[in-house]
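J.: Got a structure for you, questions after.
The values are calculated or read from the model by the stated rules, or taken from the named source; none is laboratory data. Quantities reported herein were computed from a predicted structural model and do not represent experimental measurements. Backbone-built Cβ (ideal geometry, glycine too); neighbour counts: all protein chains shown.
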């Protein structure tokens, strides 16, 4: 599409509506007179043409040309230095539509009346041809050049130069003969052709102008390229997983490659193609009639003598269309946000918010890089930028090693329980590798295929050899922050490995975490990255005394932030294997990881015509994006931590490749000793990192002195040497893991950063949910709590906030509440806090601190970190004997069932019936539980075997519903075991299924590193029953689906909670009581240090914290089912915070405020407050009948009845919508 729009501000609305219908690949705009943006398009503009500013009377640069490219097309701007200047703009880009060959598009604009003063030889045309190479070219724009070749009577100097340049370049003029592109503005001005299009011969199939000008004096030009038509995707695939399991069950495979082929062929056979609706545009009947009138006026003006009055009517009609289309776009946007604001569409609403904040992923940058030149040269440049050490051939073998003092369990074959646990823990949306197999494909394999897959994995595990097809990684570049993605140095490589390889990695990682975190801790307490129960908050917690230092009389503290260059990609693999052998006694794990790291093949993930990606090999580093990579990197960094603790007394913390070293005044005698210890730490780092193959970055390493003062005495500044580069401590701020640390210990910088990021977040939310429509209040509250309030939770647990800081944060929180409720600034704060479904900010901060302290006090890693912070170690750490090993995980059922939405009632009922309608040899046991007032009540019911049923109540201080559900499963499993021992023959003929409606309980049981005592007991009992031939599966089933078994269990638990009895829930006589597996005796000191006890307390505190937040969250009186407009109107009525004439007159200075009160809507002399507008104002009389039926005499009475009567609230909401009052206030 090519068009001189004559100011995008004036005609942009019309253009957006037309573009939504046409969807052109590229748009050439001229005379934009400023920035322009269209949804779904990337814009390229240059600000070079000078114009006289009407206000300052000074020349200023302004964009007059814009090239917009559809986002599904790969594009890259061609650099044209020194071509755009003060009288012309030339924008060129190479564009590759999906599935088509690339071409070069050029948008041009020349200022009129500059042809004689500025001689132009059009040298830039030849420059563009050289850059385009063999790709076709299309040039379009407003040249303002005259020549008889395109319809002018005579030629001017620019027209002659342009005509000669195009003949020399062999480009064809594709304008239709005798077709003007600009309409004359009066009868003495004839139609002309300033808009020209030149292209490579036979590249343009059709060139045509629109019949109307869309509000400009230039006709839009629609250009059809000689390319195959791109068909929009109108169907989607839906996979029937039952058919998929049948197809894969019939196949045989003995290696990974046939399995990938079987899955690849089975998915299309099990897929059903579903037709999808095409995207509609913003058009209705009224707008269509307005455009019809434009066609009539255009025809009358062109062929009726070009009368001035017809031109004025035409311009007036275009203004009417622009105003109406803006209203239509707003209503369509609000309607879209309202639909997406429901529960099923909340994820897409979140995606829209991220896109508005500029954080949504765009097109893969590799496609743009491949357009820059020869794909082979680009490939070599990208690979050498990411991996300078990449090889063209495999590297020599890594050293072999014999591990001593082996742990037999670590070398045991993997079990089906480990396989299913790894499948459940995986992310369903993880990108697949070159084999195109994803996690859903593996999860839905039948049990027989999973067993075959497990056998192949164990063969690989025993042999210690990883096939090259599993090691092959596709390198997928992603941009770094807001940097230019067309430069390889601004990209970060991500490795896409085969999903089957990730599955094996996750199974190995579960064993490594179990041993290195609990059995024999092999990582330093100061390492916080990629570890359970640890994160960036632990690093900041270790820095808390430095961050919150208040004394100004002591010696300064010094903080050194270390930066390493590409640590993940350059760490030596020999060091990783050495640390693995020293800390993890498993021969098979060493052999498998050795093969996994050796000469890893990599290949760029991209396509280009005539180019096949080459395979390179890596002999160092760990693959970014793999499952084992972070753990292996942590093993290498453990050597760094040990060296720092050995060589210096300075404190330190390590998060992945971020190292922070600091000294505290209370640990040292003077500044000289601090400098000595910091220098020793730097020397230790240099030596250790050199052995690891890593280098420090002096230019990114920072040293800051912290003494509580804004200006530090220069005599107290120290200098460290990093190699030959000096590092001098300074005042100011330093950023560590996203937290701002100031030399004066002020939180001002953090609050300032918080405010800077908070405002655009709220602005984006207001665009999706405001007083005129959009997403509902509940959706806006979710987004606000996630993106705005969530930012406070990162720093608040670490900073000691002053009253002033709390006031600043509270001010931001109030703006959030106003955004969510749609209330104005003059709303009383007490009322505002009651109407917004967001808890007070102080409650949120307090609960975040409680959770963090609970994690430190009641987790194994947290206790180790606390002891190390206190500069002491403990030889009597919590007992870990109660934790199951990963290889003891039993296969407890299918993981294809997932929790369903409450809205999917029919699907929930169907699944519940499917579980109930089983074979004769299947015994189903339903369990349920309740937790209330430090007591739990549990029940289990079996319809076919009366021996397996019971109910029980016990005291469980701080117990949660999850604990109760696990105890219910434990009780049912105890009865199954008792039945098996008393009637073994009958039990062996049955298969038992324990059904629970708690998916959290199923997840806890499937976790290979669970710390819950009951979950570990259940897993051990399942393992024991499996060994004696009794099959027991634990499945999730939807609750409250009117099924007899599930309802009976729920009723039994409720009856037991009330202290009554029931006939079908009598405990078994041989098992009258149920011993809880939780250790809760406070007198048993060893049990207080038990891992399971710490997990229980930590979980209980977290659940209690969530409950307190729920209780502190106000229950909004606004009923469900209202639109966003009605919700905001109801909030304004309840808060009495509307913009009424009475309120507005108060804000105006005399004489307006001193005049007699008058309603600006009905012109009556009265107190024009909200009650007058609702009850008496004639301007809003429509829909008032239902208000009169309420028989209220004041706004306070109306507000009171609205908060208790849903019908009254609905009547007020309908009145505001029907009468238009919601817009007036």
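J.: Hey, does segment 630-638 have a residue that's farther than 27 Å from residue 595 by Cα and either buried (at least 23 other Cβ atoms within 10 Å of the Cβ) or more than 34 Å from the chain's Cα centre (by Cα) (or both)?
T.: no
J.: When you scan segment 139-171, how many residues do you find that are surrounded by fewer than 16 Cβ atoms within 10 Å (Cβ to Cβ) and in contact with a strand residue (DSSP E or B) (Cβ under 6 Å, 6 or more places away or on another chain)?
T.: Of the residues in segment 139-171, 0 are surrounded by fewer than 16 Cβ atoms within 10 Å (Cβ to Cβ) and in contact with a strand residue (DSSP E or B) (Cβ under 6 Å, 6 or more places away or on another chain).
J.: How many residues does segment 456-482 contain that are over 17 Å from residue 495 (Cβ atoms) and not in a helix (DSSP H, G or I)?
T.: 4
J.: Identify the single condition in (1) assigned to a helix (DSSP H, G or I); (2) free of Cβ contacts under 8 Å to residues at least 12 places away in the same chain that residue 1165 does not satisfy, given that it satisfies every other one.
T.: Failed condition: (1).
J.: Looking at segment 761-806, which of its residues are free of Cβ contacts under 8 Å to residues at least 40 places away in the same chain and either touching a strand residue (DSSP E or B) at 6+ places or on another chain (Cβ under 6 Å) or surrounded by 17 or more Cβ atoms within 10 Å (Cβ to Cβ) (or both)?
T.: 788, 791
J.: Oh, and also: Is it true that some residue in segment 731-753 is assigned to a strand (DSSP E or B), surrounded by 15 or more Cβ atoms within 10 Å (Cβ to Cβ) and at positive phi?
T.: no
J.: Pull out all pairs, ordered by first then second residue, where Cβ-Cβ is under 8 Å, the residues are six or more apart or on different chains, the first lies in segment 1013-1034 and is over 17 Å from residue 991 (Cβ atoms), and the second is in a strand (DSSP E or B).
T.: That search, which allows pairs on different chains as well, returns 1018/1034.
J.: Moving on to the next point. When you scan segment 335-343, do you find a residue that is exposed (fewer than 13 other Cβ atoms within 10 Å of the Cβ) and either at pLDDT below 75 or within 23 Å of the chain's Cα centre (by Cα) (or both), even just one?
T.: Within segment 335-343, one or more residues are exposed (fewer than 13 other Cβ atoms within 10 Å of the Cβ) and either at pLDDT below 75 or within 23 Å of the chain's Cα centre (by Cα) (or both).
J.: Follow-up question, since we're still on this one. If you scan segment 1183-1207, which residues turn out to be assigned to a helix (DSSP H, G or I) and either in contact with a strand residue (DSSP E or B) (Cβ under 8 Å, 6 or more places away or on another chain) or without any contact (Cβ under 8 Å) to a residue 60 or more places away in the chain (or both)?
T.: Listed by number, the residues that qualify are 1185, 1186, 1187, 1188, 1189, 1196, 1197, 1200, 1201, 1207.
J.: Same structure, new question: Among (1) at pLDDT 85 or above; (2) closer than 30 Å to residue 375 by Cβ, there is one condition residue 99 misses while meeting the rest; what is its number?
T.: Against the list (1) at pLDDT 85 or above; (2) closer than 30 Å to residue 375 by Cβ, residue 99 comes up short only on (1).
J.: Surrounded by fewer than 23 Cβ atoms within 10 Å (Cβ to Cβ), at pLDDT 90 or above, assigned by the TED database to the domain that holds residue 430 and in contact with a helix residue (DSSP H, G or I) (Cβ under 8 Å, 6 or more places away or on another chain): does that describe residue 506?
T.: Yes: the conditions hold for residue 506.
J.: If the requirement is being more than 28 Å from residue 309 (Cβ to Cβ) and touching a helix residue (DSSP H, G or I) at 6+ places or on another chain (Cβ under 6 Å), which of these qualifies: 200, 248?
T.: Only one candidate qualifies: 248.
J.: Against the conditions (1) more than 20 Å from residue 410 (Cβ to Cβ); (2) in the same structural domain as residue 547 (by the TED database), where does residue 631 fall short? Just the number, please.
T.: (1)
J.: While we're here: Residue 1216 - would you say it is surrounded by 13 or more Cβ atoms within 10 Å (Cβ to Cβ), more than 23 Å from residue 823 (Cα to Cα) and at pLDDT 85 or above?
T.: So residue 1216 fails the test.
J.: Out of (1) within 28 Å of residue 126 (Cα to Cα); (2) part of a loop (DSSP other than H, G, I, E, B); (3) within 37 Å of the chain's Cα centre (by Cα), the odd one out for residue 69 is which?
T.: Against the list (1) within 28 Å of residue 126 (Cα to Cα); (2) part of a loop (DSSP other than H, G, I, E, B); (3) within 37 Å of the chain's Cα centre (by Cα), residue 69 comes up short only on (2).
J.: Does residue 785 fit the bill of being in a helix (DSSP H, G or I) and touching a helix residue (DSSP H, G or I) at 6+ places or on another chain (Cβ under 7 Å)?
T.: no
J.: Return the total of residues in segment 807-830 being touching a residue at least 24 places away in the same chain (Cβ under 8 Å) and not in a loop (DSSP other than H, G, I, E, B).
T.: Qualifying residue count, segment 807-830: 10.
J.: I've got another one for you. Restricting to segment 807-826, and then to whatever is buried (at least 21 other Cβ atoms within 10 Å of the Cβ) and more than 26 Å from residue 749 (Cα to Cα), can you tell me which residue is farthest from the chain's Cα centre (by Cα)?
T.: 823
J.: Shifting gears a bit: Do we have residue 412 as in contact (Cβ under 8 Å) with a residue 60 or more places away in the chain and buried (at least 16 other Cβ atoms within 10 Å of the Cβ) here?
T.: Considered against the rule, which asks whether it is in contact (Cβ under 8 Å) with a residue 60 or more places away in the chain and buried (at least 16 other Cβ atoms within 10 Å of the Cβ), residue 412 comes out as yes.
J.: I need every pair where a residue in segment 4-27 that is free of Cβ contacts under 8 Å to residues at least 40 places away in the same chain and assigned by the TED database to the domain that holds residue 218 has its Cβ under 8 Å from the Cβ of a residue that is crowded, with 17+ Cβ neighbours inside 10 Å and outside any loop (DSSP other than H, G, I, E, B), sequence separation at least 6 or different chains.
T.: The qualifying pairs are 19/27; 19/41.
J.: Determine whether segment 831-841 contains at least one residue that is part of a loop (DSSP other than H, G, I, E, B) and surrounded by fewer than 18 Cβ atoms within 10 Å (Cβ to Cβ).
T.: There is at least one residue in segment 831-841 that is part of a loop (DSSP other than H, G, I, E, B) and surrounded by fewer than 18 Cβ atoms within 10 Å (Cβ to Cβ).
J.: Can you name the residue in segment 236-282 that is assigned to a loop (DSSP other than H, G, I, E, B) and touching a strand residue (DSSP E or B) at 6+ places or on another chain (Cβ under 8 Å) and, of all such residues, is modelled with the highest pLDDT?
T.: 270
J.: Criterion first (out of contact with any strand residue (DSSP E or B) (no Cβ under 8 Å at 6 or more places or on another chain) and not in a loop (DSSP other than H, G, I, E, B)) does residue 506 satisfy it?
T.: When the stated conditions are applied, residue 506 passes them.
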